[in-house]
Amino acid sequence: MSRADRIDLSTSVALVTGAAGGIGAAVSEELHRRGAAVVLVDLQQDRVDAVAQRLGPRRTLAIGADVTDLDAMKAAVAAAGNTFGKLNIAFANAGIASGAQAFTISSAPDGIFEKVLAVNLQGVWNTVRAALPDVLDTAGHVLLTSSTYAYVNGMVNAPYAASKAGVEAIGRALRAELAGYSATAGVLYPGWIATPIADIAFGGDPLATELVHRATPAPLRKPIQPVRVAHAVANGIVGRAPRIHVPKRWIPLSVLRGVVNPIADRALEGDPELQQRVRQIDRR
Ligand SMILES: NC(=O)c1ccc[n+]([C@@H]2O[C@H](COP(=O)([O-])OP(=O)(O)OC[C@H]3O[C@@H](n4cnc5c(N)ncnc54)[C@H](O)[C@@H]3O)[C@@H](O)[C@H]2O)c1
């Protein structure tokens, strides 16, 4: 198989991290529905067991593992190999929000930056590193979950935005590095998806909710269901897409980010209402 060939999901072995949660569970289900064997990785064994049970005993393997632990990720890849043969799809997707409340860089709790980066960036790195030997051997595809936060202003959510910009950087570098091989890599950019991670911006923290409403145009902040991400991801993996944007309405902003971002940043800086909300966040 070469990197020009589409990926046949019916003969695929896919490892998915964050598989017990919204996007990871939905993608696992979609890949499984299309015939792939799925290796479901998440922190708690009972939560991945529950997803595996829903999908049925055939072509599922549930593994409780922490993506921040490289050895655990290598062991997950080895277990997948023993059960189904080598992986050809790795979806490095596990991630966490910065917390239940928004904060600024000045008011952030000590250690939160390290915690978010450990899961969202180091965890992706670990997953990719553990899976790459198999993916190279099988001419497969690696997909890394970034976010629109990779390119929009990450005010009051800086650790998360930094982690997602980092994931994008790893994914782009990986795709270029793999160009001389038969394997490929891509980056997933979800917008607002209706999962627990997004709760903070939809009522979980009233101040953060107000800020997101003020800083994001209405059509962009309408959350979509994880199942829509799952369809886009499955299609993107089959076609070895370099970038998957869901919903697609974010594409113009991503494409025009070099032009739009300085204007948008300036608009944020010039909005006194927004500055007042930020001061309220700092005071609480
Ligand atoms: N929901 C959104 O609006 C949105 C937008 C852009 C990007 N994303 C990204 O999509 C990915 C999936 O998030 P989601 O929205 O499905 O949220 P979610 O909370 O439903 O799922 C995340 C899953 O990752 C797991 N996880 C967390 N830390 C882990 C660790 N150390 N090891 C293994 N698993 C771990 C959680 O247990 C959970 O099941 C994340 O990377 C997130 O940042 C989400």
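Here are some notes:
- Note on the chain: with charges restricted to the Cβ of Lys and Arg (+1) and Asp and Glu (-1), its dipole about the Cα centre is near 800 debye.
- Rounded to the nearest 10 Å², the accessible area of Glu269 at probe 1.4 Å: 140 Å²
- Residues whose amide H comes within less than 5 Å of that of Ile193, counting only those at least five positions distant or on another chain, are Ile224 (H built at 1.01 Å from N in the peptide plane).
- Between Thr60 and Val38, the built amide H atoms are under 5 Å apart, and every one of these is 5 or more places off in sequence or on another chain.
- Multiplying the residue separation of His213 and Asp282 by 0.36 nm and removing their Cα-Cα distance gives an extension gain of 23.0 nm.
- Label point distance in nm, Ala179-Glu114, each placed 7 Å from Cα along Cα→Cβ: 3.8 nm
- Annotation: Met73 carries an accessible surface of approximately 0 Å², with a 1.4 Å probe and no ligand, DNA or RNA atoms counted.
- Spacing of the modelled spin labels on Arg34 and Leu136, each 7 Å from Cα toward Cβ, amounts to 2.6 nm.
- Here the accessible area of the chain is 55 percent carbon and sulfur, with a 1.4 angstrom probe and all protein chains present.
- Measuring between their Cα centroids, the stretch 195-263 and the stretch 10-45 lie 22 Å from each other.
- Here each label is just a point 7 Å from Cα along the line to Cβ, and for Arg129 and Ile105 those points are 2.7 nm apart.
- Estimated FRET transfer efficiency when R0 is 35 angstrom, pair Ala72-Thr11 (beta carbons, to 0.05): 0.85
- The listed residues Arg257, Arg214, Arg33, Arg240, once ranked by accessible area (1.4 Å probe) with the largest placed first, stand as Arg33, Arg214, Arg257, Arg240.
The values are calculated or read from the model by the stated rules, or taken from the named source; none is laboratory data. These numbers come from a predicted model, not from an experiment. Neighbour counts are summed over all protein chains in view; Cβ atoms, including those assigned to glycine, are modelled from backbone coordinates with ideal geometry. The protein model used for the area step is the full one, side chains on, heavy atoms only, and it has no ligands, DNA or RNA in it. Shrake-Rupley method; radii C 1.70, N 1.55, O 1.52, S 1.80 Å.
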